[in-house]
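The values are calculated or read from the model by the stated rules, or taken from the named source; none is laboratory data. Bear in mind that the values here come from a model prediction, so they are computed numbers and not experimental data. Positions of Cβ are backbone-derived with ideal geometry, glycine not excepted, and every protein chain shown enters the neighbour counts.
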Amino acid sequence: MPSKAVYLETFGCQMNELDSELVAGSLTALGYRFTADASEADIVLYNTCSVRERAEQKVWSRLGEMKHRKAKQPDLVVGVLGCMAERDGQDLISRMPVVDIMCGPSELDKLPELLDNAVRTKASLAESDPKVAIRRSAKQVALQGNASRRSSTLAAAGDSLESLDLGRMISPVDFDGRRSAYVRITRGCNKFCTYCVVPHTRGAEIHRPPQNIIDEIKALADTGVVEITLLGQTVNHYRFEHDEAVTVDGIVQPQKGRTYKGSHNRDSFEGANTTTFADLLYRIHEEVPSVRRLRFLTSYPRDFGDDVLQVIRDCPRICRFIHVPAQTGSNRMLKMMNRGHSIEEYYEFIARCNEYLHQPEIGRPLMLGGDLIVGFPTETEEDHELTKELLTRSRYKNCYIFKYSPRPGTVSYDKIPDDIPDVLKRQRNNELLNLQTEISDSIAQEQVGGEFDIFVEGLSRREHKKRGTDVKPGSGMVGITIGGSAPQAKIAVLDPEIQGATVQMSGRTDGDLIVFFDVPTDGVKIPSEYIGQIVRAKITGADKLTLNGILV
Ligand code: SAH
Ligand code: SF4
Ligand code: F3S
């Protein structure tokens, strides 16, 4: 049987990007072939997001297109993976029989089996009666449903999930050109912010065993990866109790935890048999020194002890960037959102971060990032002013601002009417965006004259445009397409005729600021050899939110 061609499109957060990569790896190992061209695919998969309505609308419109396509290709298999599958449940298939597979984010280890069943069902239907094949879904469904939070099923869920991450295909072939990778440390979320769908779609919080995380990072580092981003919805809440350590084969493995020397925890998770987030960061830093940049996403303002800040301060390869969303500057809103902290506590936390980590004198200023929700129900002009104050005081280097989108199944959807008109949401959104742009701009200007270590990522956007090549899909809330087994863009092969000229490349400081700089193409070193390297650059100017530098 010739290998089936799969088109996989990803929406949503970094967690989804990682899931797609793992899925692509496991399917490639089974003989499926990936294509970036949906029109030549035998199987079309969407890894979806439910966090805001807009994210779902994009998928609905893709599914609409597939309906037409199926009329011409009765054995086409269409799958909806990820958070939208989990949130909509089987209803989605009744509404859209074009969907053959539904697979929640916690069930992705079952995808190969679902896919195999769906392909066979469709093929035999198409052979016997193409008209029926067009109309009828292959109905291959794996959803976690409500079971996810029962403690009896948690351990089992943890094990099957672990197998997806453990099965990661790590070989130099798959990581062609990759220098940067995501590694999951925690799944799910227990916070239940009232607006948020994630605890419902990703299930209960489960922490991965530290040894598995470290082994995965070592394997990635062996293939040349130098930048690791640890992922978790509340990443700093990581905490592994070794007494509970159960491996995939069900064997309990007691291990001795290791505590960062000299730590004096505030919100103590400490104990010989516990690995805290601080311990984990320290272990990775010490045990895999070839990881030259260690980052983590997303932090929750609570549960952030001094021990973590001390480890970041004392470990030179841990980045000085903390993405720590506040959502609003108003205590009243924070309460309605069930964020579990006051704005005063948030400011105290930011001050503590700055006290430990802001060191511009050694070229390592601390950079903070945030998320805001604008137009949460009952938000007044006064609340909005408090959010402006939040921006001014926090001085994020960047902040994502989202208009509140009521999500079915969440507390705020059920209990609090979405009473802020869209025009007002938009107006407040624009005001906050303008203010944030000014702040980002002034932070960029402050860096001029400074010298930084830059992690080189690739050709700059401008250079790509000039050359008509693909831009690396950015992380964050954008739709990306995966073609081939390595989802990140491959290194562009540079034409020999541009030798003698310069090429503009782009990289990031350890505070996550983007820097553009020229490299010579003098034949000594070709530009692609810079990718994944850390170079030193002096900042010569700032253009809006990006910095321009020269190599020193
Ligand atoms: N776990 C992360 C955020 C995950 S969702 C955290 O707690 O910070 C990413 C962002 O989407 C959130 O920070 C929030 O700003 C936004 N968001 C989540 N639900 C939303 C909703 N219903 N409407 C608008 N924005 C939302
Ligand atoms: Fe959603 Fe809150 Fe959990 Fe973040 S912490 S994923 S916003 S419930
Ligand atoms: Fe979206 Fe699910 Fe991530 S809802 S933001 S893909 S956890």
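When you look at Phe240, is it modelled with pLDDT under 95, within 23 Å of the chain's Cα centre (by Cα) and not in a loop (DSSP other than H, G, I, E, B), yes or no?
Yes.
Go through segment 520-537 and give me each residue that's buried (at least 19 other Cβ atoms within 10 Å of the Cβ), out of contact with any Gly (no Cβ under 8 Å at 6 or more places or on another chain) and under 25 Å from Ile362 (Cα atoms).
Tyr530
Restricting to segment 163-211, count the residues that are farther than 20 Å from Pro105 by Cα and either more than 15 Å from ligand 2 (Cβ to nearest atom) or modelled with pLDDT under 95 (or both).
13
Got at least one residue in segment 364-376 being among the basic types (Lys, Arg), in a loop (DSSP other than H, G, I, E, B) and touching a residue at least 24 places away in the same chain (Cβ under 8 Å)?
no
Looking only at segment 426-447, decide whether some residue is in the same structural domain as His384 (by TED's automatic domain parsing), in a loop (DSSP other than H, G, I, E, B), modelled with pLDDT of 75 or more and more than 22 Å from Ile539 (Cβ to Cβ).
No: segment 426-447 contains no residue that is in the same structural domain as His384 (by TED's automatic domain parsing), in a loop (DSSP other than H, G, I, E, B), modelled with pLDDT of 75 or more and more than 22 Å from Ile539 (Cβ to Cβ).
How many residues does segment 451-472 hold that are at pLDDT 80 or above, at negative phi and buried (at least 17 other Cβ atoms within 10 Å of the Cβ)?
So the count comes out to 9.
Being within 16 Å of ligand 3 (Cβ to nearest atom) and not in a strand (DSSP E or B) is the filter here; which residues of segment 273-299 pass it?
Residues satisfying the conditions are Thr298, Ser299.
Residues in segment 178-199 that are within 14 Å of ligand 3 (Cβ to nearest atom), surrounded by fewer than 21 Cβ atoms within 10 Å (Cβ to Cβ) and either part of a helix (DSSP H, G or I) or under 13 Å from the mean Cα position of the chain (by Cα) (or both): how many?
Counting residues in segment 178-199 that are within 14 Å of ligand 3 (Cβ to nearest atom), surrounded by fewer than 21 Cβ atoms within 10 Å (Cβ to Cβ) and either part of a helix (DSSP H, G or I) or under 13 Å from the mean Cα position of the chain (by Cα) (or both) gives 2.
Which numbered condition trips up Val524, out of (1) modelled with pLDDT of 85 or more; (2) more than 27 Å from the chain's Cα centre (by Cα); (3) of a type in the set (A, V, I, L, M, F, W, C)?
For Val524, the exception is condition (1).
Applying the selection to segment 2-41, what residues are within 16 Å of ligand 3 (Cβ to nearest atom) and among the aliphatic types (A, V, I, L, M)?
Leu8, Met15, Leu18, Leu22, Val23
Looking only at segment 316-334, count how many residues are part of a helix (DSSP H, G or I) and away from ligand 1 (no atom under 16 Å from the Cβ).
Residues in segment 316-334 being part of a helix (DSSP H, G or I) and away from ligand 1 (no atom under 16 Å from the Cβ): 2 in total.
Looking at Ala118, Ala126, Ala133, which is the one that is of a type in the set (Gly, Ala, Ser), under 30 Å from Glu162 (Cα atoms) and either part of a helix (DSSP H, G or I) or in contact (Cβ under 8 Å) with a residue 40 or more places away in the chain (or both)?
Ala118
Considering each of Val423, Val374, Val448 in turn, give the residue that is of a type in the set (A, V, I, L, M) and over 30 Å from Arg54 (Cβ atoms).
The unique qualifying residue is Val448.
Assess whether Thr48 counts as being of a type in the set (Val, Ile, Thr) and within 16 Å of ligand 1 (Cβ to nearest atom).
Yes: the conditions hold for Thr48.
Looking only at segment 67-83, which residues are surrounded by fewer than 20 Cβ atoms within 10 Å (Cβ to Cβ) and in a helix (DSSP H, G or I)?
Matches in segment 67-83: Lys67, His68, Arg69, Ala71, Lys72.
In contact with a helix residue (DSSP H, G or I) (Cβ under 6 Å, 6 or more places away or on another chain), surrounded by 16 or more Cβ atoms within 10 Å (Cβ to Cβ), assigned to a helix (DSSP H, G or I) and free of Cβ contacts under 8 Å to residues at least 60 places away in the same chain, is that true of Glu86?
Judged against the criteria, Glu86 is not a match.
Condition (residue is within 16 Å of ligand 2 (Cβ to nearest atom) and either out of contact with any Ser or Thr (no Cβ under 7 Å at 6 or more places or on another chain) or modelled with pLDDT of 85 or more (or both)) applied to segment 473-483: is it met by at least one residue?
Looking for residues that are within 16 Å of ligand 2 (Cβ to nearest atom) and either out of contact with any Ser or Thr (no Cβ under 7 Å at 6 or more places or on another chain) or modelled with pLDDT of 85 or more (or both), one finds at least one in segment 473-483, hence yes.
Restricting to segment 30-60, name every residue that is closer than 20 Å to Pro105 by Cα, part of a helix (DSSP H, G or I) and not basic (Lys, Arg).
Glu53, Ala55, Glu56, Gln57, Val59, Trp60
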